[in-house]
1. What residue among 192, 92, 80 has the largest mean-square fluctuation in a Gaussian network model of the chain, using Cα springs under 10 Å?
2. Work from the charge dipole of the chain (Cβ charges, +1 for Lys and Arg, -1 for Asp and Glu, about the Cα centre) and give the residue of 110, 175, 153 farthest towards its positive end.
3. Hey, what did the chain get for relative contact order, percent, Cα under 8 Å, at least 6 apart?
4. May I ask you to compute the full-extension gain from residue 42 to residue 72, defined as 0.36 nm times their residue separation minus their alpha-carbon distance, rounded to one decimal in nm?
5. Would you mind getting me the FRET efficiency between residue 34 and residue 4? Use the beta-carbon distance for r and R0 = 22 Å, nearest 0.05.
6. If I model a spin label as a point 7 Å beyond the Cα along the Cα-Cβ vector, how far apart are those points for residue 21 and residue 181 in nm?
7. Can you give me the long-range amide H partners of residue 125? Hydrogens built in the peptide plane at 1.01 Å from N, cutoff under 5 Å, separation of 5 or more residues or another chain.
8. Among the lysines in the chain, how many pairs, 8 or more places apart or on different chains, have alpha carbons under 21 Å apart?
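No lab work stands behind these numbers, since they all come straight from the coordinates. Every value quoted in this text rests on a predicted model; they were computed, and no experiment measured them. Don't worry about glycine lacking a Cβ; one is built from the backbone with ideal geometry, like all the others, and counts go over all protein chains shown.
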Amino acid sequence: MSKSTAYLWTRHLPLAPDLVRRRRQAGQRARADAQWRVHRAARDAARAETVAAAARWVRQLRYRELVLIGAAIYWCEGGKAKPWRPHDCRIKFVNSDPMLVGLFLRFLDALGVPAADRRYRVSIHETADAPAAVRWWAGVIGVPAERFQPTSLKRHRPLTTRKNVGADYRGCLTVHVVGASRVYWRIEGIMKGMTDEDPARDR
C-alpha cells in the first residue's frame, strides 16, 4: 500500500498527544537550528581567526617570560606547602590540559630540571581505558609509557553525573619532581617578586 493511500484512510484519526508534542518540539528545534546556523558559522570563524592572531602575536616565549608564566601556572595548579606543613616543598603538578602540561614541562626545562628527576602518573576513573590514557599522555609529552608510574584509579560513583566520559577522556597527568625543594623555593620567590612588584593601589 502506498503512503498516499494509507494517509487517505487514516487522516481522520487523531494523533496521540505525546506524538503531537514530539512533532511540535522537533519542528521548533529545526527552525531554531536553521536560524542559528549562520550565526554559529560566523562565530566559529571569528573564534578561529582570533585564536590564530593571538598565537602569532606570542611567537616565541623568551626565557624570562617562560619562567614567570611557568611559576604562575605551578602556583595555580601545583601542590604547595601548607601552614601546618610549612616544609613540605615538593613539586607536584596535576592537570588534564595537554597544553598546560606541555608548558609546565618547558618551564622545568628552562630551570634545568633533569628529565631523570621527573615522575609521571595518570589518574583516571576505573571505568575508563587506563592503558590507552597512559599511551596517549606518553605520546603528548614524548616520554615512553614504560617510564610512567602505576596508574591511580578513581572509584566510579554511579550516582554522580560526569561529563568527562567517552573515548576522549584521558584523565589527569601528575608530574612529580624528586628532590626539588630548591625548585619550589625558586617558584615561591618568583611569585613573591611578581606580587610585590606592583603594590595594591586604588583600582
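1. So, out of 192, 92, 80, the one fluctuating most is 192.
2. 153
3. Relative contact order of the chain: 24 percent.
4. 7.4 nm
5. Numbers: r = 28 Å, r/R0 = 1.25.
Taking R0 as 22 Å, the efficiency between residue 34 and residue 4 is 0.20.
6. Modelled inter-label distance: 6.7 nm.
7. So residue 125 has HN proximity to 154.
8. Values: 80/92; 80/192; 82/92; 82/192; 92/154; 92/192; 154/163.
The result is 7.
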